[in-house]
1. Are there trypsin sites (Lys or Arg not before Pro) in segment 45-144 that DSSP puts in a loop and that have at most 11 other Cβ atoms within 10 Å, and which ones?
2. Give a quick list of GluC sites (Glu not before Pro) in segment 25-104 that DSSP marks as loop, anything other than H, G, I, E or B, with at most 16 other Cβ atoms within 10 Å.
3. Taking the Cα centre of segment 3-155 as origin, work out the dipole magnitude from +1 charges on Lys and Arg Cβ and -1 charges on Asp and Glu Cβ, in debye rounded to 20.
4. Between Ser153 and Arg73, what FRET efficiency comes out of the Förster formula 1/(1 + (r/R0)^6) with R0 = 30 Å and r the beta carbon distance, rounded to 0.05?
5. Work from the charge dipole of the chain (Cβ charges, +1 for Lys and Arg, -1 for Asp and Glu, about the Cα centre) and give the residue of Ile127, Leu146, Pro48 farthest towards its positive end.
6. Using a Debye calculation, one point per C-alpha and no hydration shell, please list log10 I(q)/I(0) for the chain at q = 0.13, 0.19, 0.21 Å⁻¹ in order.
7. Starting from the Cα-Cα distance between Leu63 and Lys111, subtract it from 0.36 nm times their residue separation and give me the gain in nm to one decimal.
8. Restricting the count to DSSP beta bridges whose residues both fall in the chain, what percent are antiparallel, rounded to a multiple of 5?
Amino acid sequence: MNVTSDQGEMIRFLDEQTLEVNLPNKLGYERIAMDCTASFARIVGFVPERISDLKTAVAEACLNAMEHGNRGRSDARVIVSMNFDGQTFSVSVMDEGEGIVELPEDPDIEKKIERLEPPRGLGIFLIRRLMDHVEFNKLSDQGNMLRMVLKMSRSH
Ligand SMILES: Nc1ncnc2c1ncn2[C@@H]1O[C@H](COP(=O)(O)OP(=O)(O)OP(=O)(O)O)[C@@H](O)[C@H]1O
Ligand SMILES: [Mg+2]
């Protein structure tokens, strides 16, 4: 069964192992992608701790796609596609932008806590820390794509 919106199907299975969520570029809608990835990861057997990591990473990637990739354009879409092949769970977050111009260096968390550095600039750091593998600026039909991978072996 597919869930539809005025923009067409919002959630659909591309095949038995691949689910795609097509989101409007609206803050708050990243929660739909978080919940879908979490449900899918739970069904295929990931432990709750890894599922929370996944939700955080998906949220940060979607917010970046909406804010930086699509630059807040209300007619743009964010497409989140997830696949489990029996060993690895991969999530791709696509936006209509040009990709990240320069990957940021790891932030100094102490300085941020002490407010010596601005509180922003944590998203990519978190994604890298939480996921087993991350690829930036991949080309897709939609434009720019961030791909992240969780390995099943680490959760057991
Ligand atoms: N999808 C994207 N398209 C284009 N640029 C991006 C994208 N994602 C991230 N960036 C760039 O990388 C920078 C770092 O992203 P990151 O998520 O680490 O920090 P932030 O979004 O600026 O702040 P925070 O995530 O802490 O709210 C962004 O400021 C932006 O310039
Ligand atoms: Mg961010």
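We did not get these values from a lab; they are worked out from the coordinates using the rules stated. Quick caveat: nothing in here was measured; it's all calculated off a predicted structure. Quick reminder, even Gly has a Cβ in these numbers, built from the backbone with ideal geometry, and neighbours come from all protein chains shown.
1. Arg115, Arg120
2. Glu98, Glu102
3. The calculated dipole for segment 3-155 is roughly 340 debye.
4. 0.15
5. Pro48
6. So the normalised log intensities are -0.59, -1.21, -1.41.
7. Once the chain is fully extended between Leu63 and Lys111, it gains 14.9 nm.
8. So the antiparallel bridges in the chain amount to around 100 percent.
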